[in-house]
Amino acid sequence: MGSTVTIAGTNFSATPTSNAVKLNDMAAVVLAAQATQLQVAVPEGAVTGKFTVTVNASSAVSGESFTVLDFSAQLTVKGLYVLFEQRGSPNGYMPGQAIQEFHNYDAVVGHTVKEEISWQLDEMKSMGVNTITFDLGTSDSYYDPGPFIPPVCNVPPVLGFQYPSPTQTEIANLSALFDLVSDKQMKILLRLTNTHMEEQPPLNNKTWLDSILNAVKSHPALELVLFEGTTHLVDTNGDGIGDACGLPAEPPLWLGPRSKPAEYVKWAIQNAMGLGLPAYKLSAEAIVGDYFVNTEPAAGPGATDGHLWKPMRVLKGIFDELSIPENQRTYALSFYEHRKCQSVSGIQCPDADPHPWADETLKQVFETIGRNGSRVIAVEMGLLRADPNWSTPQAFESLVLLMKRYGVAGGCFWRWAFFYDDENLDPTQATPVKKRGVNFIYNPVKDMIAKYYLDR
């Protein structure tokens, strides 16, 4: 037999270990049966997809089409979400800082920033990592030490590239980082986090994006561009007035298809295609697995039609409106394991453990987008926060096995290392791969990563 697969259907009642299953004229053996699925061992050469299934049992469903999910599928994206550590310092390199100082000598580490990043990439590659997620935001040209409050909402230069016009050094050094990653035979998922999504017409947005995209659009290290962020100001109390600073994070697609963030993502993808980037290299992260959001409750004036939306539903709608063929789409996930009701308040929620809820989450993803050749990548994935009953290694293994089961291309585990030493003192933080410090000493999740990423 070639592999073990699960056939998902309805009303199965076959007897385990005794019934033959027919998959496109290939005989298979039933290993387990439940009310809604059969687990079978499949001969070498069988493939995933839709099959007509015949079960040799009088009480079992026969002659219907069911989806075969192959647990043996190999991940193509074996990644880490990376904030490079400045080893020996109490903090890491800020994303913009790592680029701006790329060729500079760093007295803390005793060599150039480029050499330090190269060393850390080598460590990652030794674990089987072939992809990194790297984030660059829209930053101001100055640093305001005051609080992060409206109307200024200062984003210091070290956090990204200057907005609206990145400097020549930033663009040149970004290309140099891509060259380095390519030399390691690795790829980059590039998050471009814009906190000015509301601008109309989007002239400054275009200036910032085009400067970056034109520098990397043809580079062999570029795997995917993500259009992230939100508006400069956010309405938090529903009165239509921006009273808080927009956070540089996943775009709030839960605000619906006519929201400013969704309209920006649609425009940014279209703009990038106009620069010559293929559609399959363009996406935006959709947060999945939030039970409260999934109920699509009533929301304030910033939300389309007065309610929240499932982010994956909105992302699919953007691709539909742009007429992007299904086999040219990449659905990007922000996928963290947690108990189903961990962040739910104000509504009833039937709780579930992290693994079954993550399983249900991926099932819902594919129910939304279908199985028509689209690519799915978890641009960031991991354990949402520390859980005494569910460790970071357990969460990673669960995510990998589920992605292999559902045919997800892979993802980037959050994260390589804590950014600040102080994060070691926060009991809510899920553990990263590397322990902070000069030496390369690792947390247990490193062994789990190597187990699955080095698996050929």
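The table that follows gives values for the structure above.
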quantity	calculated
Hits in the stretch 150-172 - residues which are under 21 Å from residue 249 (Cβ atoms) and of a type in the set (A, V, I, L, M)	152, 155, 158, 159
Scan of the stretch 381-416 for residues that are crowded, with 22+ Cβ neighbours inside 10 Å and closer than 19 Å to residue 83 by Cα, ordered by number	381, 382, 383, 392, 396, 411, 412, 413, 414, 416
Members of the stretch 224-246 found to be within 24 Å of residue 163 (Cα to Cα) and not hydrophobic (A, V, I, L, M, F, W, C), listed by number	228, 229, 230, 231, 232, 235, 242, 243, 246
Criterion (assigned by TED's automatic domain parsing to the domain that holds residue 154 and modelled with pLDDT under 95) met by exactly one of 271, 237	237
Count of the stretch 354-390 residues which are touching a Phe, Trp or Tyr at 6+ places or on another chain (Cβ under 7 Å) and acidic (Asp, Glu)	1
Of residues in the stretch 142-155 being of a type in the set (A, V, I, L, M) and touching a residue at least 60 places away in the same chain (Cβ under 8 Å), the one surrounded by the fewest Cβ atoms within 10 Å (Cβ to Cβ)	149
Any pair with Cβ under 6 angstrom, 6 or more apart, that starts in the stretch 347-376 at a residue that is touching a residue at least 40 places away in the same chain (Cβ under 8 Å) and at positive phi and ends at one that is surrounded by 11 or more Cβ atoms within 10 Å (Cβ to Cβ) and of a type outside the set (S, T, N, Q)	373/326
The stretch 417-456, subset among the aromatic types (Phe, Trp, Tyr) and out of contact with any helix residue (DSSP H, G or I) (no Cβ under 7 Å at 6 or more places or on another chain), residue nearest to residue 186 (Cα to Cα)	453
Residue within the stretch 295-311 that is of a type in the set (Val, Ile, Thr), over 26 Å from residue 218 (Cβ atoms) and modelled with pLDDT of 95 or more present	yes
Search result, residues across the stretch 273-307 that are crowded, with 22+ Cβ neighbours inside 10 Å and at negative phi	282, 283, 284, 285, 286, 288
Condition met for residue 137 (outside any helix (DSSP H, G or I), assigned by TED's automatic domain parsing to the domain that holds residue 176 and surrounded by fewer than 15 Cβ atoms within 10 Å (Cβ to Cβ))	no
Filter pass, residue 334 being among the small types (Gly, Ala, Ser), assigned by TED's automatic domain parsing to the domain that holds residue 400 and within 13 Å of residue 289 (Cα to Cα)	yes
Only one of 158, 216 that is surrounded by fewer than 21 Cβ atoms within 10 Å (Cβ to Cβ) and in contact with a Gly (Cβ under 7 Å, 6 or more places away or on another chain)	158
Enumerated strands (runs of 3 or more DSSP E) restricted to the stretch 35-123, each holding at least 1 residues that are buried (at least 21 other Cβ atoms within 10 Å of the Cβ) and at pLDDT 50 or above	37-42, 49-55, 77-81
Meets criteria (over 25 Å from residue 75 (Cα atoms) and in contact with a Phe, Trp or Tyr (Cβ under 9 Å, 6 or more places away or on another chain)) for residue 113	yes
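The values are calculated or read from the model by the stated rules, or taken from the named source; none is laboratory data. The model shown is predicted, which means the values in this text are computed figures rather than measured ones. Quick reminder, even Gly has a Cβ in these numbers, built from the backbone with ideal geometry, and neighbours come from all protein chains shown.
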